[in-house]
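Visitor: Below: one structure in structure tokens.
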Amino acid sequence: MTLVLSYAVNSLHRYMHPKTPLSKRLAVGWLFLISRAAAGFCPSPQPQQSTKFISASAKSSSHHRHSSNISASFKSYNQMSTAHTQKWADVFTHQNSNYSPQYLFPPFSSRSHKGSHGRIAILGGSNKYTGAPYYAAQAALNCGVDLATVFCAAEASVPIKCYSPELMVQGVYSIERFDALLEEEEALLAELEKYKHKNDLITVDNFDNGDDTTSNISLDKLLLEHDDSHNELIQNELLKNVDDTKKMDDIVNKLQKVKQLQESLQELQDRQMEIISKSVRDVVSMFPTLHALCVGPGLGRHPLVFKVVQQVLQRGMESNLTLILDADVLFMLSLEEYRELYEELLKYEGCIMTPNVMEMKRLPSPSSFGSENDKKNIIVEKGHVDAVSRGDVVMQCAEEGGLKRSGGIGDVLAGTISAYMAWNQIIERGNEGGKQQRAFAVWTACCTVKRATKLAFENKRRAMSSRDVLDEICGVIAHMEDDIERR
Ligand SMILES: NC(=O)C1=CN([C@@H]2O[C@H](COP(=O)(O)OP(=O)(O)OC[C@H]3O[C@@H](n4cnc5c(N)ncnc54)[C@H](OP(=O)(O)O)[C@@H]3O)[C@@H](O)[C@H]2O)[C@@H](O)CC1
Ligand SMILES: Nc1ncnc2c1ncn2[C@@H]1O[C@H](COP(=O)(O)OP(=O)(O)OP(=O)(O)O)[C@@H](O)[C@H]1O
């Protein structure tokens, strides 16, 4: 196109000479206008790219300038140079690919049984959000997995069941019950706090030190720093030392009340732990049958749900289960309380995080990492161009999406990645090649959703919703499989 353009400009210059006949001048004028219009519609050719992931550290210095702006949070791959982007079709135009598209989809066989094309689960869905886990699970089914289970809040299970008979849905905790437990705990803590602030000074013998001196001790100190047997001792000491019986009764009553409150609090916290453990057991008992678990779509931000999720993720890593982390679980991992878990997940090869712009900004920079290469997990930074990175290598998905961005497309992507990860497990069975192929499969999942969104948008325009994207997925995958066969 550049050649055509320069030829046209040169010709224009030559033929616009006053001695050139008018008819020739008009013809050249048209040629010039047509070539300008064509240049506007066709993008200039991209430099040759390989299908290898590119090393982020090998990139131009411009991305370092950009990434320094976000030093407080996680390094943003979408703020790096966008020169090395790829579309699905590019995979077939380069022979030096490290990745094998023919191993993305498990082949059909007459010996296939229910589950041999993938069993995934979603942990998410709350009283507020029921659509998100549905989109994720249904996306995985529409990709082609055989079985999809949704573990959710009991309050969400009936609506989700009603969306689709194909889904298996299990309520594993109740937000209402968790709310009641938290309210009870808050009331007990508030009552304890009231006593803590009663700083009555009382005079006691220094029996601890075995000497005869006396000192003023705040009731606060007595209540908080002495165990039960000690309290008894204190009471005896008080009996000996405090003359005013009314004051004495007061103090003893307070001690008893605090003891009672502390016991109730302990009993409540034990009950909480028991309920949380039961929820965790319900999810973990399915692990041996799962190829991948996606956590987060519509999860909500209840502190006790986060406790369940914390244990599920720990057990997932212990079981070497592939974990796809999206939405609210990424919020949870940005909290100081879960920093240790977050850093463990960054080192876990079977973890794929899919942050949107906000979630990416919230994720903290890991403190225990020397370089990007210490990160073993995969991060999919969603945006106009999705960036899939592992360690310091990054592959950007330049596939065009639709112009409408309805809520839930991120959930569709999380479910689609779950399906590709299930297939990766089935095909590669965790060998070294499989791990390399995993990032490529995640990138292909991004291409799939971008393409499905584009088709849905072309069909429905302003009315496009995430359901329409779901409907396009199977066609997109069928085309991709055709591309692989034709290769
Ligand atoms: N049907 C359902 O059930 C659905 C349920 N969902 C579930 O909702 C839960 C919360 O997810 P989330 O994405 O709303 O939370 P979070 O990331 O904190 O964003 C909140 C704030 O960030 C902003 N913001 C977001 N993106 C931005 C961007 N690209 N660029 C700029 N700003 C951006 C945005 O600002 P606003 O646009 O409102 O001005 C907003 O204030 C989660 O469980 C998810 O699964 C959804 O999946 C949808 C379908
Ligand atoms: N600026 C953008 N331009 C075009 N596409 C985008 C843009 N940002 C995100 N997308 C695409 O939209 C899809 C969902 O990404 P998004 O950032 O909306 O996730 P999300 O907020 O987690 O979604 P959800 O609504 O499910 O919570 C992805 O396929 C992503 O590639």
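Visitor: Report whether or not Lys194 is within 30 Å of Gln269 (Cβ to Cβ), out of contact with any helix residue (DSSP H, G or I) (no Cβ under 6 Å at 6 or more places or on another chain) and in a loop (DSSP other than H, G, I, E, B).
Guide: no
Visitor: Tell me yes or no: at least one residue of segment 415-427 is at pLDDT 95 or above, among the small types (Gly, Ala, Ser), outside any helix (DSSP H, G or I) and within 14 Å of ligand 1 (Cβ to nearest atom).
Guide: The answer is no; no qualifying residue exists.
Visitor: Checking the condition modelled with pLDDT of 70 or more, within 16 Å of ligand 1 (Cβ to nearest atom) and in contact with a Phe, Trp or Tyr (Cβ under 7 Å, 6 or more places away or on another chain), which residue from Ile160, Ile175 passes?
Guide: Ile160
Visitor: Okay, moving on. Name the pairs: first residue in segment 122-139 and among the basic types (Lys, Arg), second residue in a loop (DSSP other than H, G, I, E, B), Cβ to Cβ under 7 Å, at least 6 apart or on different chains?
Guide: Lys128/Gly300
Visitor: Looking at segment 314-334, which of its residues are hydrophobic (A, V, I, L, M, F, W, C) and within 15 Å of ligand 2 (Cβ to nearest atom)?
Guide: To start, the set of residues in segment 314-334 that are hydrophobic (A, V, I, L, M, F, W, C) comprises 317, 321, 323-325, 327, 329-333.
Scanning segment 314-334 gives Ile324, Leu325, Ala327, Val329, Leu330, Phe331, Met332, Leu333.
Visitor: Let me confirm something: among Leu293, Leu299, which residue is within 19 Å of Ile160 (Cα to Cα) and either of a type in the set (Phe, Trp, Tyr) or in contact with an Asp or Glu (Cβ under 6 Å, 6 or more places away or on another chain) (or both)?
Guide: After ruling out the rest, the residue left standing is Leu299.
Visitor: Evaluate the following for Lys278: is it within 13 Å of the chain's Cα centre (by Cα), among the charged types (D, E, K, R), in a helix (DSSP H, G or I) and surrounded by fewer than 18 Cβ atoms within 10 Å (Cβ to Cβ)? Give the derivation first.
Guide: Numbers: within 13 Å of the chain's Cα centre (by Cα): no; among the charged types (D, E, K, R): yes; in a helix (DSSP H, G or I): yes; surrounded by fewer than 18 Cβ atoms within 10 Å (Cβ to Cβ): yes.
No, not satisfied.
Visitor: Here are the criteria: (1) closer than 16 Å to Leu330 by Cα; (2) within 11 Å of ligand 2 (Cβ to nearest atom); (3) more than 14 Å from the chain's Cα centre (by Cα). Tell me which single one Val380 does not satisfy.
Guide: (3)
Visitor: Quick one: Phe440 ticks every box in (1) at pLDDT below 95; (2) assigned to a helix (DSSP H, G or I); (3) at positive phi bar one, so which box is it?
Guide: Only one criterion in (1) at pLDDT below 95; (2) assigned to a helix (DSSP H, G or I); (3) at positive phi is unmet by Phe440, namely (3).
Visitor: Of the conditions (1) modelled with pLDDT under 95; (2) within 22 Å of Glu359 (Cα to Cα); (3) assigned to a helix (DSSP H, G or I), Ser389 clears all except one; give me its number.
Guide: (3)
Visitor: When only residues in segment 143-156 that are outside any loop (DSSP other than H, G, I, E, B) and within 22 Å of Ala445 (Cα to Cα) count, which is farthest from ligand 2 (Cβ to nearest atom)?
Guide: Filtering segment 143-156 for residues that are outside any loop (DSSP other than H, G, I, E, B) and within 22 Å of Ala445 (Cα to Cα), the one farthest from ligand 2 (Cβ to nearest atom) comes out as Leu147.
Residues are listed down the side, and each one gets a yes or a no for (1) surrounded by fewer than 24 Cβ atoms within 10 Å (Cβ to Cβ); (2) within 15 Å of ligand 2 (Cβ to nearest atom); (3) part of a helix (DSSP H, G or I):
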position: Tyr135; (1), (2), (3): no, yes, yes
position: Leu141; (1), (2), (3): yes, no, yes
position: Val158; (1), (2), (3): yes, no, yes
position: Cys162; (1), (2), (3): yes, no, yes
position: Val172; (1), (2), (3): yes, no, no
position: Phe178; (1), (2), (3): yes, no, yes
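Visitor: So in segment 317-340, with the set limited to residues that are touching a Phe, Trp or Tyr at 6+ places or on another chain (Cβ under 7 Å) and surrounded by 21 or more Cβ atoms within 10 Å (Cβ to Cβ), which one is farthest from Val442 (Cα to Cα)?
Guide: Here the answer is Met332.
The values are calculated or read from the model by the stated rules, or taken from the named source; none is laboratory data. All figures in this text were calculated on a predicted structure; none of them were measured in a lab. So basically every Cβ, Gly included, is an ideal-geometry build from the backbone, and we count neighbours across all protein chains shown.
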